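Some notes on the structure that comes next.
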Amino acid sequence: MVFPVSSLIGLPLSGWLVSRFESRVPLGISFGFYCIAMASIGYSASMPVLILSIVGFAFTMRIFNIAINTQSIMLQKQFDKKINGAFHALWSTGGLMGILFTTFILKLNISIRWHLLMVAVLTLVSAAVTFPYLLRNDRSSTGNKIKFGKPDSYIISLGLIVFLTALCEGGMFDWSGVYFREVVKQDVFTLGYLIFMVFMALSRFYSDKLIDKIGMEKTYLISATCIMTGIGIAVVFPFFWPVLLGFSITGIGVASIIPMTYTLTGRSNKYSPGIAISLIVSYSIVGMLVGPSVIGYVAHWLGLRYSFVLFIISGLLMIPISQQVFRILDKSG
């Protein structure tokens, strides 16, 4: 609980920092402290120190997450073609590389202390090398304060899309492996989420070209359809190869949604990109928290196989909500 709570607390501060300074400043500083906090987790010899390290890790992660997404949105505005999907593809690839590196470390019986220290040093050096190339003077002159009053329907719609996507992604993270073990009766615990992540990463590298060709509105429809189809196959045909195929299609469906939605936050008439992103990400965090828990409760009630129908419902709801987003954009010009 320390991790998500600290992450949520970091959201309003991250939005303020990005709106107060150019985004590269909080990005660089927070990433440095993030690496220190990550290394300190491995050296925590007591519960209070561990909690403090996790607080620092989650808090600073949220700040640089908002800052780096702000950088990508501002950079996207300088290009006619879509490029934001490629950044998220690299994020997914980083996750896969993390899995491979951790597996290698475990096989060598290297302690978590040295493991986290190596990752911290490697990423810190990488950040120092790339920092000079970040965008400068990207601070927005308007929309840098959260306005209370009538809710912004545009931000709420984007937030709901991110919430539903995070619900699917969080549920797949926690339950896809269990699905293989309990429903498919195959003891390949990591395969479900691994195949989901691989296809999500690969699809993100091609998502920009797809969006440029058919547009975001149609891509949302295709993405939602892929989620419903993929999970539908896994539920109707609970056998090894159909479930593997279904999770692959689901990964393809999830791939484009977050990059597209983050890009659309840059078109908010009410908030600057940094503030808008911080608001949208709050929906994502809630979705990642709620999704696995809801799946667990429904699984206890109806069985794990039928609990995955919630993902189909999430995909179905994305269609009218995404259409609402583009209606709002059409009205605002």
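Which of (1) over 25 Å from F196 (Cα atoms); (2) within 16 Å of the chain's Cα centre (by Cα); (3) at pLDDT 90 or above is the odd one out, the single condition F87 does not satisfy?
Condition not satisfied by F87: (1).
From the residues in segment 262-283 that are more than 15 Å from L17 (Cβ to Cβ) and within 13 Å of the chain's Cα centre (by Cα), which one is modelled with the lowest pLDDT?
If we take residues in segment 262-283 being more than 15 Å from L17 (Cβ to Cβ) and within 13 Å of the chain's Cα centre (by Cα), then S282 is modelled with the lowest pLDDT.
Looking at segment 237-245, is at least one residue out of contact with any Gly (no Cβ under 7 Å at 6 or more places or on another chain), in the same structural domain as R181 (by TED's automatic domain parsing), at pLDDT 90 or above and within 26 Å of T70 (Cβ to Cβ)?
No.
Out of segment 30-49, which residues are farther than 11 Å from F59 by Cα and free of Cβ contacts under 8 Å to residues at least 24 places away in the same chain?
S40, S44, A45, S46, M47, P48, V49, listed by residue number.
In this structure, is F87 closer than 22 Å to G28 by Cα and part of a helix (DSSP H, G or I)?
Details: closer than 22 Å to G28 by Cα: yes; part of a helix (DSSP H, G or I): yes.
The answer is yes for F87.
Within segment 104-115, identify whether any single residue is touching a residue at least 12 places away in the same chain (Cβ under 8 Å), of a type outside the set (V, I, T), in a helix (DSSP H, G or I) and within 30 Å of E22 (Cβ to Cβ), and answer yes or no.
Scanning segment 104-115, I find no residue that is touching a residue at least 12 places away in the same chain (Cβ under 8 Å), of a type outside the set (V, I, T), in a helix (DSSP H, G or I) and within 30 Å of E22 (Cβ to Cβ), so the answer is no.
Criterion first (part of a helix (DSSP H, G or I), of a type in the set (V, I, T) and crowded, with 20+ Cβ neighbours inside 10 Å) does I222 satisfy it?
Details: part of a helix (DSSP H, G or I): yes; of a type in the set (V, I, T): yes; crowded, with 20+ Cβ neighbours inside 10 Å: no.
In short, no.
Within segment 76-102, track down each residue that is closer than 15 Å to L264 by Cβ and of a type in the set (A, V, I, L, M).
Answer for segment 76-102, where residues must be closer than 15 Å to L264 by Cβ and of a type in the set (A, V, I, L, M): just I83.
Here is a list: F79, F64. Which entry is aromatic (F, W, Y) and either in contact with an Asp or Glu (Cβ under 7 Å, 6 or more places away or on another chain) or not in a helix (DSSP H, G or I) (or both)? Before the answer, list the steps.
On the way: F64 fails: either in contact with an Asp or Glu (Cβ under 7 Å, 6 or more places away or on another chain) or not in a helix (DSSP H, G or I) (or both).
On inspection, the qualifying residue turns out to be F79.
The values are calculated or read from the model by the stated rules, or taken from the named source; none is laboratory data. Predicted, not measured: the structure shown is a model, and the values here were computed from it. We place every Cβ from the backbone using ideal geometry, glycine too, and count neighbours over all the protein chains shown.
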